[in-house]
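This report refers to the structure that appears directly beneath it.
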Amino acid sequence: MKAGYVYAWELQAAPGKIAEFKNAYGPDGTWAQFFRRAQGYIRSELYHDTANPQRFITVDFWESEAACKAFRVRCAHEFEDLDVRCEAFTVWEKEIGKFTPVL
């Protein structure tokens, strides 16, 4: 299935927490398992910087922006709870952006 919407973040893993970070943000991690409950979610991918092993980007693929937003609204409290729990594994995070494919 082709994604119609992509959401990307840049994050720095906390020192000594890379394994926990990957377990939370990896393609089969806690976030991906949470998103799998959503209609319209496709997959998540995690990449690490080859020059800085603490720096990562995560990319979440959705069928549409509407599907992503509907899930965020419907599960807002759970999303916030999970975000707070995962703060223990990061030093900082920054939204890269929200993207749609070039047709």
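The values are calculated or read from the model by the stated rules, or taken from the named source; none is laboratory data. Bear in mind that the values here come from a model prediction, so they are computed numbers and not experimental data. Positions of Cβ are generated from backbone atoms using ideal geometry, with glycine treated the same way; all protein chains shown enter the neighbour counts. Heads up: the accessible areas ignore ligands, DNA and RNA and are worked out on the full protein's heavy atoms, side chains in. Shrake-Rupley method; radii C 1.70, N 1.55, O 1.52, S 1.80 Å.
Think of segment 1-91 as having a plus end and a minus end, set by charges on the Cβ of Lys, Arg, Asp and Glu; of Phe21, His77, Ser44, Ser44 sits farthest toward the positive end of this dipole. What the chain shows is 61 Å² of accessible area per residue, with the surface traced by a 1.4 Å probe over protein heavy atoms.
Distant-in-sequence amide contacts of Gly26, defined by a placed amide H-H separation under 5 Å and a gap of 5 or more residues or a different chain, comprise nothing. Under 15 Å Cα-Cα from Lys98, which aspartates and glutamates qualify once same-chain neighbours fewer than 8 residues away are excluded? Straight-line reach from Lys98, under 15 Å: Glu10, Glu45, Asp60, Glu63, Glu65. Taking a straight Cα-Cα cut-off under 23 Å and skipping sequence neighbours fewer than 8 places away in the same chain, the lysines within cross-link reach of Lys94 are Lys17, Lys22, Lys69. When the solvent-accessible area of the chain is split by element, carbon and sulfur atoms take up 55 percent of it, the probe being 1.4 Å.
Here the sum of -39500 (n - 2.57) over DSSP H runs of 4 or more residues, divided by the residues of the chain, equals -9500 deg cm²/dmol at 222 nm, to the nearest 500.
For a Förster distance of 30 Å, can you work out the FRET efficiency between the beta-carbons of Arg37 and Ile57, rounded to the nearest 0.05?
It comes to 0.80.
Once the chain from Glu45 to Arg85 is taken as fully extended at 0.36 nm per residue, the excess over their C-alpha distance is 12.4 nm.
Over segment 46-91, the hull volume per residue, using the convex hull of the C-alpha atoms, is 80 Å³. Applying 1/(1 + (r/R0)^6) with r as the Cβ-Cβ distance of Ala66 and Phe99 and R0 = 22 angstrom yields a FRET efficiency of 0.90.
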